[in-house]
Structures are given as structure tokens and as C-alpha cells.
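Data first, discussion second: the structure below is written as C-alpha cells.
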Amino acid sequence: MKIKKYKQVWELWEAYENALKRYVFKLTKHEQITEDVVQDTLLKVHKSCCSDKEISNVRSWLFQIAHNSLMDFFNSSKKEKEIPYIPIPDDTSDIYSALSGYVEPLIGFLPDTYAQALRMADIDGLKQQEIADMLGLSLTATKSRIQRARKLLKKEIYTCFHTEESKTFGLADFNLKDNCTTLQNLKKKNK
């Protein structure tokens with residue numbers, strides 16, 4: 001098929017616009033980006049009119065243009081140098097300070113081998129090579145142990161806390177779960 005008239009572009013567009021929007025939205029999960037990419041796709045299809053290019057599978061051709069438009073959008077987004085300034089609310093440091101009071105006890109829930117490496121790295125501030133030397137481990141084993149400990153700590157945090165996170169600011173709020181009795185008792189002691 002050759003697109004020889006602009007009327008053909010509009011007929012194709014009416015037939016495939018909704019399918020293209022669903023496709024792009026499925027990949028982006030963002031309405032405005034979807035609209036922008038689909039509009040860009042329409043412009044590219046419109047420009048191809050009267051080019052005498054033979055199109056064997058119109059549906060595939062349209063989806064390929066939409067895919068390329070989406071990739072162009074993502075590539076141009078990465079190249080943007082100017083990042084808008086978003087002020088961070090003053091109270092976020094208070095949230096992290098409050099949560100940090102529970103980190104030591106939560107590390108205590110970890111197996112000793114992981115707790116020890118994590119304390120040395122993240123609380124005492126030792127370099128990983130120093131920790132490796134002190135524990136008699138290779139640097140690679142020490143790095144693995146610290147990474148596993150961080151994952152276990154994160155799991156403990158999600159086990160003991162309901163957290164609310166903001167895409168822009170990170171941790172927005174947290175509440176101790178009732179079923180985390182050890183930390184509930186610690187909270188009562190600190191009051």
C-alpha cells in the first residue's frame with residue numbers, strides 16, 4: 001500500500017489511534033507522555049504521505065513509528081541538562097532523624113555476621129577493605145555481606161513500619177506497626 005493522499009492518513013489514524021494510545025500508555029503509564037508521543041507519531045505519519053514508499057503491513061508500520069517516537073522521547077528526556085529546582089520540605093530531615101533511632105535495634109534483628117559487617121560499614125564508617133581485614137574476609141566477600149545486610153535491614157524496616165514515600169522527596173512518613181513488639185517496647189521506653 002502506498003499513502004498517496006492526506007485523506008488516507010486520516011482514515012488510518014482514525015482506525016489505529018486508540019490502539020496506539022493503549023500501546024504507548026502501557027509502556028509509559030503516563031497520560032501526558034502518551035499524548036505527546038501519539039501526537040508525534042501522527043506528525044511522522046502525516047509527513048510520510050505522498051513519499052511513494054510501499055507499506056506492506058500498515059498496522060506494524062504505525063506501531064513501529066509509535067515505538068520510535070517513544071524512544072526519541074526517552075532519549076531527549078535523558079539529554080535535558082536543566083533539572084528543575086524542587087525545594088525539599090524542611091521536615092524531611094526530622095523524618096529521617098526519627099527513623100534513624102530505630103536503625104540500631106533493627107540491625108540487632110539481623111544475624112550476627114550481617115549485623116557486625118553493617119555496623120562497621122554504615123554506623124562506624126569504616127572502609128570495606130578495613131572491615132575485610134578485621135573480619136578475615138576477602139574484599140568481595142565483605143562487599144557481598146554488607147549488601148546482603150542492607151537488603152535484610154530494608155526487609156526489617158518494611159516488616160516493622162508502614163512507610164509513605166514521595167517520588168520527589170523519598171520517605172514522607174512512617175508509622176511503627178503494632179505487631180513489631182520489640183520496637184514498640186523500645187518506643188515506650190524512649191517516651
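List every residue pair whose Cβ atoms lie under 6 Å apart, where the two residues are 6 or more positions apart in sequence or sit on different chains, the first residue falls within segment 146-157 and is among the basic types (Lys, Arg), and the second residue, located anywhere, is surrounded by fewer than 18 Cβ atoms within 10 Å (Cβ to Cβ). Qualifying pairs under 6 Å: none. One residue alone among Ala98, Ala121, Ala115, Ala132 is without any contact (Cβ under 8 Å) to a residue 12 or more places away in the chain and either on the phi < 0 side of the Ramachandran plot or among the aromatic types (Phe, Trp, Tyr) (or both), and that residue is Ala132.
A Cβ distance below 7 Å, combined with a sequence gap of six or more or placement on separate chains, defines the contacts here; from segment 25-46, residues that are touching a residue at least 60 places away in the same chain (Cβ under 8 Å) and assigned to a helix (DSSP H, G or I) reach no residue that is surrounded by 12 or more Cβ atoms within 10 Å (Cβ to Cβ) and among the hydrophobic types (A, V, I, L, M, F, W, C). Looking only at residues that are open to solvent by 90 Å² or more (accessible area, probe 1.4 Å) and modelled with pLDDT of 75 or more in segment 52-111, which one is farthest from Val37 (Cα to Cα)? Step by step, filter segment 52-111, then rank; the result is Arg59.
Selection within segment 29-51: residues that are open to solvent by 30 Å² or more (accessible area, probe 1.4 Å) and either at positive phi or β-branched (Val, Ile, Thr) (or both). The member of this set that is modelled with the highest pLDDT is Ile33.
The values are calculated or read from the model by the stated rules, or taken from the named source; none is laboratory data. This structure is a prediction, so every number in the text was calculated from the model and none was measured. Cβ coordinates were reconstructed from backbone atoms using ideal geometry, including for glycine residues, and neighbour counts include every protein chain displayed. For accessibility, only protein heavy atoms count, side chains too; no ligands or nucleic acids. Shrake-Rupley method; radii C 1.70, N 1.55, O 1.52, S 1.80 Å.
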